[in-house]
Amino acid sequence: MAAAVAAAPGALGSLHAGGARLVAACSARLCPGLRLPSSLAGRRVGPAIWAQGWVPAAGGPAPKRGYSSEMKTEDELRVRHLEEENRGIVVLGINRAYGKNALSKNLIKMLSKAVDALKSDKKVRTIIIRSEVPGIFCAGADLKERAKMSSSEVGPFVSKIRAVINDIANLPVPTIAAIDGLALGGGLELALACDIRVAASSAKMGLVETKLAIIPGGGGTQRLPRAIGMSLAKELIFSARVLDGQEAKAVGLISHVLEQNQEGDAAYRKALDLAREFLPQGPVAMRVAKLAINQGMEVDLVTGLAIEESQIQ
């Protein structure tokens, strides 16, 4: 099924340059500015300095962020293997501030490379996907880059987006999307590919493609109904409605909603708490449980129970 979906012609291929104005307008309207930590007050800062300016929330200890590796700050994706009590947790941080974390060819290439490495790494226990750009999770496909592509480039680009999202959905370990900002179109489809989604109450989420006279092309028409039910998924896609964190929690799109903090990373901190909760559990059992659940949800109950039984050790 996943292979068929990845190979199917994507509606994203019909995106046109005029759509870029819509995404920009949504971003400006829906994402209020976030307050900096006091140590950075009054300074003009870029995303790299922002990431360095992280401080703990009032009244609570800061999570230890001992990283065994950290990519250069100019990279669009930062792959971080946490250490100490967080060993086994990997954080994929999207860091493309100038493009609102939109899915470009380079970002998709980096995501694909990271996912390929992680899926065979037995030391990885949980993967968190987050943004390192304040106020933005992912604004969807990079429409400006798409507008410059020739017709022969569009198909492979769209197929690669779909393939990477499917690869994330098929990762053998738990995945958590930490939505601390805007997640539109392909950005929400990226989050839908994760096992668990947590969001700040100020975050904005929606499959808005019908505003551009196209349909969600990164799995949204399939994963959203599976997450919240067919009727409500149709309503949201038909209307191109954008939900905030509280509304998304009410319809079952996300599992947890948090009030945003001054640092703008409330969802990430909750995702980290969840990942820590998973760490003590048997690693093989976690992988087998995910496989049984995923496969069982695609078949009838009797077949699903047979799948479960086949995995009992």
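Seen through its C-alpha gyration tensor, with square-root eigenvalues sorted a ≥ b ≥ c, segment 78-279 comes out oblate because a/c lies at 1.5 or above while a/b is not bigger than b/c. Surface composition of segment 78-279: carbon and sulfur atoms hold 52% of the protein heavy-atom accessible area at a 1.4 Å probe. Rolled with a 1.4 Å probe across the full set of protein chains, the surface gives residue 210 an accessible area near 50 Å².
Using a 1.4 Å probe, how large is the accessible area of residue 241, given in Å² and rounded to the nearest 10? Only protein atoms counted, so the area is about 100 Å². When the surface is traced with a 1.4 Å probe over the full set of protein chains, residue 255 keeps roughly 60 Å² accessible.
Take every pair of alpha-carbon atoms less than 8 Å apart whose residues are at least six positions apart; their mean separation over the length of segment 82-219 yields a relative contact order of 25 percent. Note on exposure: 226, 87 ranked by accessible area (1.4 Å probe, complete protein assembly) read 87, 226, with the most exposed listed first. In this structure the amide hydrogen of residue 101, modeled in the peptide plane, comes within under 5 Å of the amide hydrogens of 96, none closer than 5 places in sequence on its chain. Using Cα pairs closer than 8 Å and at least 6 residues apart in sequence, work out the relative contact order for segment 99-149, in percent. Over segment 99-149, the number comes to 64 percent.
The values are calculated or read from the model by the stated rules, or taken from the named source; none is laboratory data. What you are looking at is a predicted structure, and each value in this text was computed from that prediction instead of being measured. When the accessible area is computed, the model is the full protein with side chains, heavy atoms only, and any ligands, DNA or RNA have been set aside. Shrake-Rupley method; radii C 1.70, N 1.55, O 1.52, S 1.80 Å.
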